[in-house]
Structure formats: C-alpha cells, structure tokens
Number of protein chains: 2
Amino acid sequence: MVKNNREQIHHLLRNSHLSVTETRVKILELFMKSNGALEHSDFEKKLGQSFDRVTIYRTLQAFLDKGIIHKIPTTDTSVRYALCKSECSEHDHHDHHVHFKCEECGTTLCLEETDVPSIQLPKGYAVHNVEVVVSGVCKQCK
Amino acid sequence: MVKNNREQIHHLLRNSHLSVTETRVKILELFMKSNGALEHSDFEKKLGQSFDRVTIYRTLQAFLDKGIIHKIPTTDTSVRYALCKSECSEHDHHDHHVHFKCEECGTTLCLEETDVPSIQLPKGYAVHNVEVVVSGVCKQCK
DNA sequence: AATTACCTGCAACTAAGTTGCATATTTCTT
DNA sequence: AAGAAATATGCAACTTAGTTGCAGGTAATT
C-alpha cells in the first residue's frame with residue numbers, strides 16, 4: 001500500500017520530467033493523505049523545520065508548472081493547492097470541477113463529481129476557464 | 001456631476017454609520033471611477049503617499065464590514081475588491097453575479113448582468129454561497 | 001462650542017514571497 | 001559503477017503584505 005504509493009509518486013514525478021527527491025515525495029504524500037486542499041503554511045507545519053521554506057515554494061511552483069497540482073481561488077491572501085486528477089498534464093489541464101469550502105472546519109475540497117456549469121456571458125467576452133467555489137457546510141460538519 | 005458623486009458618497013457613508021473622511025471619500029471615488037476591481041496596492045499607487053498604508057487597510061475592512069464592497073476570489077495572494085450594488089447592505093448581501101478576469105489586461109470585472117447558475121452538489125452539502133470567476137479575454141482586448 | 005465618538009498616522013512587529021549563489025543530490029552517459 | 005552534466009536545495013538577504021497598540025486629530029452629537 002505504502003510501497004504502491006511510493007511507486008506511483010515516482011512515476012508521476014518521472015513522467016513530469018522532475019527529479020525524484022525527498023521533498024517532492026514528502027509533499028506529494030501529504031497531498032495524497034489529505035482529503036482537502038493545502039496551502040504553503042500547512043507544509044511548513046507538517047514537514048517541520050527539516051525543509052527550507054524556499055524549497056517548498058519552489059516545489060509547489062514546479063508541480064503547478066507540470067500540471068500535477070492546481071490552485072483554488074480564495075478571497076484572502078492564502079493560496080490553496082490540490083492534486084489534479086491523473087488525466088491532467090502539463091499542456092492539457094482539465095480540472096473542470098467545483099470546489100467547496102466548509103465554513104465550519106475550513107477545509108477546501110475538490111468535488112470531482114460536480115462539473116462546473118456552462119455559463120453564458122454577455123456578447124464580446126471569450127471564455128477560457130470557469131472557476132466555481134461554493135461555500136457552506138460539508139458532510140462531516142453537518 | 002462631481003458634486004453629485006460627492007453627495008452620493010456622503011449618503012453612502014452616513015447610511016453605513018461611517019464618518020465622512022477624506023480617505024474614505026477618495027477611496028470610494030476611485031472605486032466609482034474604476035471599471036474593474038481594485039486591490040490594496042492600487043490604492044497605494046493612486047493615492048500616493050498622502051495616506052497611510054494602515055488607514056487603507058482599515059478603510060477597506062470597514063467598507064467590507066458594512067457591505068459597501070465585496071471581495072473577489074483570486075488564485076494568487078492578492079485580494080481584490082469591488083463596489084457592491086446599491087441594494088446591498090450590512091446584513092443583506094446579494095452580489096450573486098459572475099466575475100470576469102481578463103488574461104490580457106489583467107482587469108477584473110463584475111458582470112452584474114450575469115447571474116451565477118444554481119449548482120447541484122452531492123447529497124450532504126449545505127450551500128451558502130456560490131462564487132464564479134471566469135477568465136478569458138474581455139471586450140476591449142479582443 | 002464643548003464633549004464624545006470615531007478615525008488616522010506612526011512605530012514596531014509578524015508573516016509571506018522572491019532572488020542569487022554556493023553546495024549537494026539526482027540523473028545521464030559510457 | 002564512476003564521472004560528468006543537469007537539477008534541486010539551503011542559506012542569506014531582501015521585498016512586499018498585513019497586524020496591533022497607542023497617542024493625537026478630526027468628525028459628529030448635544
């Protein structure tokens with residue numbers, strides 16, 4: 001099980017043309033363990049002081065560039081990241097699902113089952129991407 | 001016209017139980033002049049060094065508390081604000097419109113004409129609010 | 001016009017994010 | 001499997017963003 005995960009992570013990194021390093025493996029493991037989106041400070045907390053802040057920033061940026069993770073919009077200064085589905089890649093991003101932020105526990109979830117609706121904008125706008133963030137109360141907190 | 005604006009601003013502040021001060025009036029004027037959403041650094045730039053950073057933070061927070069402005073979600077660390085429609089107030093917020101971010105000029109717009117669609121989440125989630133941010137190319141940039 | 005309530009600016013601080021560079025680790029090549 | 005090349009990391013130093021307490025100032029109330 002754990003072995004399996006390691007192998008999966010190894011392939012994921014290699015497929016993205018990234019070296020397999022301790023930091024990257026640890027960070028991917030955290031993403032896989034977590035049921036919600038994570039932000040920079042979560043990694044600092046969970047990894048302890050064994051990894052440099054800068055390395056975490058650069059790791060997240062690399063994952064973003066390669067389409068391994070995606071960002072989720074927030075109304076504050078935090079930046080939240082979540083794993084992309086396996087079908088995403090560097091040049092072919094398609095995370096067209098809805099995000100949910102629970103007001104009770106603060107967790108942000110990807111609702112992979114829920115597609116973003118198509119939206120009709122006024123004439124003259126070209127639509128490239130639609131982000132939907134729903135806030136409310138999640139299953140666990142109700 | 002300008003006089004009119006001043007009066008309008010005066011009423012807006014008084015109705016929200018806020019004192020009418022130079023900073024607040026200037027900031028509201030900037031919101032009214034601008035066709036897009038603004039962030040903290042825009043105010044620092046546009047107001048010059050005549051106003052303290054802290055005052056700007058506190059002013060935006062006060063406007064937010066009173067329902068004069070609302071925040072727009074972003075995927076970066078910036079916090080974008082835009083004026084609420086006149087029908088909003090402290091306890092009755094209803095900015096159920098779509099936001100648009102132009103990838104060319106960087107402007108973020110409120111599309112008041114475009115309502116957010118209703119979204120059907122999986123069972124067990126209570127929905128309180130739905131935010132939609134569309135990115136693409138705006139009228140002007142096409 | 002005086003009193004009260006509220007707002008602003010300053011200083012000092014915490015947190016967040018970036019860049020350059022030297023060193024270390026991983027990957028490639030043979 | 002060893003050495004060369006490519007890539008990643010950690011540190012230092014810096015920039016930008018956001019917060020808090022408090023003294024003094026301005027706006028509102030009477």
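When B:R6, B:R24 are checked against the criterion of being of a type in the set (D, E, K, R), more than 11 Å from DNA strand C (Cβ to nearest atom) and touching a helix residue (DSSP H, G or I) at 6+ places or on another chain (Cβ under 9 Å), a single residue qualifies: B:R6.
Considering only residues in the stretch A:100-142 that are among the charged types (D, E, K, R) and free of Cβ contacts under 8 Å to residues at least 12 places away in the same chain, the one that is farthest from the other protein chains (Cβ to nearest Cβ) turns out to be A:K123. The number of residues in the stretch A:70-96 that are away from DNA strand C (no atom under 15 Å from the Cβ) and either part of a strand (DSSP E or B) or modelled with pLDDT of 95 or more (or both) comes to 5. Would you point out the residue of the stretch A:29-54, among those that are surrounded by 14 or more Cβ atoms within 10 Å (Cβ to Cβ) and away from DNA strand D (no atom under 16 Å from the Cβ), that is farthest from A:S78 (Cα to Cα)? Taking the candidates together, the pick is A:S34. Within the stretch B:48-65, residues that are part of a loop (DSSP other than H, G, I, E, B) reach partners that are of a type outside the set (S, T, Y) and open to solvent by less than 30 Å² (accessible area, probe 1.4 Å) with beta carbons closer than 8 Å, at six or more positions or on different chains, in the pairs B:F51/B:F43.
The values are calculated or read from the model by the stated rules, or taken from the named source; none is laboratory data. Note that this is a predicted model, so its numbers are computed, not measured. Cβ coordinates were reconstructed from backbone atoms using ideal geometry, including for glycine residues, and neighbour counts include every protein chain displayed. Ligands, DNA and RNA are stripped out before the accessible areas are found, and what is left, the full protein with its side chains, is counted by its heavy atoms. Shrake-Rupley method; radii C 1.70, N 1.55, O 1.52, S 1.80 Å.
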